[in-house]
Amino acid sequence: MNLSIQNLIGLEGVPAEDISIILDTAFSFREVLERPVKKVPTLKGKTIVNLFFENSTRTKMSFDLAEKRLSADSISFSASSSSLSKGETFKDTIKNLFAMKMDAVVMRHPTPGAAKLLSGFVDAVVINAGDGTHEHPTQAILDMMSIKEKLGELKGLRVSIIGDIKHSRVALSNIYGLKTMGAEVMLCGPPTFIPRGIESLGVKVTHNLQEALEFSDVINILRIQQERMGTGLIPSLREYRKVYGITREKLSKFQKPITIMHPGPINRGVEIDSDVADGEHSIILDQVLNGVASRMAILYLLIGGKN
Ligand code: CP
């Protein structure tokens, strides 16, 4: 099974056939992760560099683990302890790294478009691990895998993304992926958190949480980015919790089970209460495990067949 894409920069424009291949492969690797020996020789001899210019827990750890599970050699680069701090440019840093013969690079960077830029000047597979407020394609793949695992098919499912859509790379990649796979998507949050004109991507928009919950089979709840609180986008965290926070009381008004997702990190007691995050309909920790299987699939499909 071959993908039509050579790099994974974003899910915009990635065809359904490619997403299906990645998801099917991820489910096969999920079985590997259940074995007593959770390692396969698939990427033996391949070298991968993980470039993280921005903090990460889940994405970095799961790429590290996925590379180890596939028997690849991997090295990690931390911007803060590199020669970037001595004035070396991004491009020179990358060229020096690639002079050491890398097969692939996994990069998180605060600037939208950084992964695309990188793919223009390295002769290696580029995987975007999150570029600013643009895309986080591997997160959307693991989210779709987790929905499929819990509910079967994506086609026709109703998924709401709730919170700060405007500054979220997770939201944009989920919108592209879910729409391509035939799901219906609603966005919910205060007007300051919803980009103007986002309906053009084929999504519904509401500022009313009740309406979003009525619509949804699944809700994907986004973090309130506390670092942005100073910019006056919402009155206060208390006010936000009152109107948009997902609580057991708000969910109890609905007879149907609503599957609960969150990409992490979670602000408990703000966008989601602990009893919902840890409750019976939450698949938040399944998302984390599926993150390893999804990233194994992406690495294998993009690097595996190359000499
Ligand atoms: N979901 C996610 O991207 O988390 P990290 O920032 O910890 O990688």
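Before moving on, here are some points about what is shown:
- Some residue of the range 209-226 being on the phi > 0 side of the Ramachandran plot and in a loop (DSSP other than H, G, I, E, B): no
- Taken across the range 15-29, residues that are closer than 20 Å to His134 by Cα and part of a loop (DSSP other than H, G, I, E, B) do occur, with at least one present.
- Considering Ala124, Ala140, the condition of being out of contact with any strand residue (DSSP E or B) (no Cβ under 8 Å at 6 or more places or on another chain) and either in contact (Cβ under 8 Å) with a residue 40 or more places away in the chain or of a type in the set (A, V, I, L, M) (or both) is satisfied by Ala140 alone.
- Count - residues of the range 64-102 that are of a type outside the set (A, V, I, L, M), open to solvent by less than 50 Å² (accessible area, probe 1.4 Å) and at pLDDT 95 or above: 4
- Hey, Pro235 open to solvent by 60 Å² or more (accessible area, probe 1.4 Å), assigned to a loop (DSSP other than H, G, I, E, B) and farther than 26 Å from Gly152 by Cβ or not: yes
- Residue in the range 286-305 that is open to solvent by 10 Å² or more (accessible area, probe 1.4 Å), part of a loop (DSSP other than H, G, I, E, B) and either on the phi < 0 side of the Ramachandran plot or among the hydrophobic types (A, V, I, L, M, F, W, C) (or both) present: yes
- Selection from the range 226-258 of residues that are of a type in the set (S, T, N, Q) and farther than 25 Å from Ser56 by Cβ: Ser236, Thr247, Ser252, Gln255
- Look at (1) at pLDDT 95 or above; (2) more than 16 Å from the ligand (Cβ to nearest atom); (3) open to solvent by 70 Å² or more (accessible area, probe 1.4 Å) and you find that Ser28 fails only one, number (3).
- The set of residues from the range 34-92 being within 16 Å of the ligand (Cβ to nearest atom) and β-branched (Val, Ile, Thr) comprises Thr57, Thr59.
- Some residue of the range 254-266 being open to solvent by 30 Å² or more (accessible area, probe 1.4 Å), touching a His at 6+ places or on another chain (Cβ under 7 Å), away from the ligand (no atom under 16 Å from the Cβ) and assigned to a loop (DSSP other than H, G, I, E, B): yes
The values are calculated or read from the model by the stated rules, or taken from the named source; none is laboratory data. Source: prediction; values computed, not measured. No Cβ is skipped: glycine too gets one built from the backbone with ideal geometry, and neighbour counts run over all protein chains shown. Areas reflect the complete protein model, heavy atoms only, side chains present, ligands, DNA and RNA absent. Shrake-Rupley method; radii C 1.70, N 1.55, O 1.52, S 1.80 Å.
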